[in-house]
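Beneath this line is the structure, given in structure tokens, with notes to follow.
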Amino acid sequence: MMMRGSLAQGLYDAGIRWRPQNGDWFCLDTNDVDPWLVAPGAIELGMHDGATVLMFHGASEWAMDAVHAVDATWLPSESQVRQLLLEHAGAGVVVQLESRHEGVRCRLQLEDWLYESSAEQAVDAYASVLLAVLERAREQS
């Protein structure tokens, strides 16, 4: 399952920037139900005036050839969000993911600060905790 578009937008608003790579998912509107995959032969990475563009190949339903990556919303995978969480939380962090009947719970412990989030899927739980870590860092700076 893909990350919810609203969480992806929240990550962008909190300062997380996308450096597109093959295998990444994105949407052009956070309400999209059909995300796009960057993959050779379908949607490829290119450059135009020094900016990364997503070039659509064989997508006859599109009336465009390319879109600037900054105009797309990255939908990071569970492993990508987990890596971002560990990078932004810093040393000494303990992150646990617990499966529950109604979904998952992600718990982050950093010294005396504890934050947890529950969601239907792990990627959303990790993203919610990452947003809390980013907010905490902003408040402390």
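Failed condition for Asp112, given (1) free of Cβ contacts under 8 Å to residues at least 12 places away in the same chain; (2) within 15 Å of the chain's Cα centre (by Cα), with all others met?
Checking Asp112 against (1) free of Cβ contacts under 8 Å to residues at least 12 places away in the same chain; (2) within 15 Å of the chain's Cα centre (by Cα), the one that fails is (2).
If I filter the range 75-82 for residues that are over 20 Å from the mean Cα position of the chain (by Cα) and either without any contact (Cβ under 8 Å) to a residue 24 or more places away in the chain or more than 20 Å from Met1 (Cβ to Cβ) (or both), do I get at least one hit? Outline the logic, then answer.
The initial filter retains those residues of the range 75-82 that are over 20 Å from the mean Cα position of the chain (by Cα), namely none.
No; the residues of the range 75-82 include none that is over 20 Å from the mean Cα position of the chain (by Cα) and either without any contact (Cβ under 8 Å) to a residue 24 or more places away in the chain or more than 20 Å from Met1 (Cβ to Cβ) (or both).
Taking the stated definitions as given, is Val67 in a strand (DSSP E or B), surrounded by 16 or more Cβ atoms within 10 Å (Cβ to Cβ) and more than 18 Å from the chain's Cα centre (by Cα)?
Numbers: in a strand (DSSP E or B): yes; surrounded by 16 or more Cβ atoms within 10 Å (Cβ to Cβ): yes; more than 18 Å from the chain's Cα centre (by Cα): yes.
Yes.
So, in the range 2-27, how many residues would count as being in contact with a helix residue (DSSP H, G or I) (Cβ under 7 Å, 6 or more places away or on another chain) and either among the hydrophobic types (A, V, I, L, M, F, W, C) or over 10 Å from Leu75 (Cα atoms) (or both)?
Just the residues of the range 2-27 that are in contact with a helix residue (DSSP H, G or I) (Cβ under 7 Å, 6 or more places away or on another chain), to begin with: 3-4, 7, 10-11, 14-16, 18, 20, 27.
Still in the running and either among the hydrophobic types (A, V, I, L, M, F, W, C) or over 10 Å from Leu75 (Cα atoms) (or both): 3, 7, 10-11, 14-16, 18, 20, 27.
Result for the range 2-27: 10.
Look through the range 30-46, keep the residues that are loosely packed, with under 10 Cβ neighbours inside 10 Å and out of contact with any His (no Cβ under 8 Å at 6 or more places or on another chain), and return whichever of them is nearest to Val129 (Cα to Cα). First the steps, then the outcome.
Residues of the range 30-46 that are loosely packed, with under 10 Cβ neighbours inside 10 Å, as a first pass: 31, 33-34, 40-41.
Filter once more, so that each one left must be out of contact with any His (no Cβ under 8 Å at 6 or more places or on another chain): 31, 33-34, 40.
Details: Asn31: 22, Val33: 24, Asp34: 25, Pro40: 33 Å.
In this case the residue turns out to be Asn31.
Being in a strand (DSSP E or B) and either over 14 Å from the mean Cα position of the chain (by Cα) or aliphatic (A, V, I, L, M) (or both) narrows it down to one of Leu11, Leu86, Leu97, Leu7, so name that one.
Details: Leu11 fails: in a strand (DSSP E or B); Leu86 fails: in a strand (DSSP E or B); Leu7 fails: in a strand (DSSP E or B).
Of the residues listed, the single one that is in a strand (DSSP E or B) and either over 14 Å from the mean Cα position of the chain (by Cα) or aliphatic (A, V, I, L, M) (or both) is Leu97.
Which one of these does Thr73 not meet: (1) surrounded by 11 or more Cβ atoms within 10 Å (Cβ to Cβ); (2) modelled with pLDDT of 95 or more; (3) polar (S, T, N, Q)?
(2)
The values are calculated or read from the model by the stated rules, or taken from the named source; none is laboratory data. In this text the structure is predicted, and so the values were computed from the model without any measurement. Neighbour counts run over all protein chains shown; Cβ positions are idealised from the backbone, glycine included.
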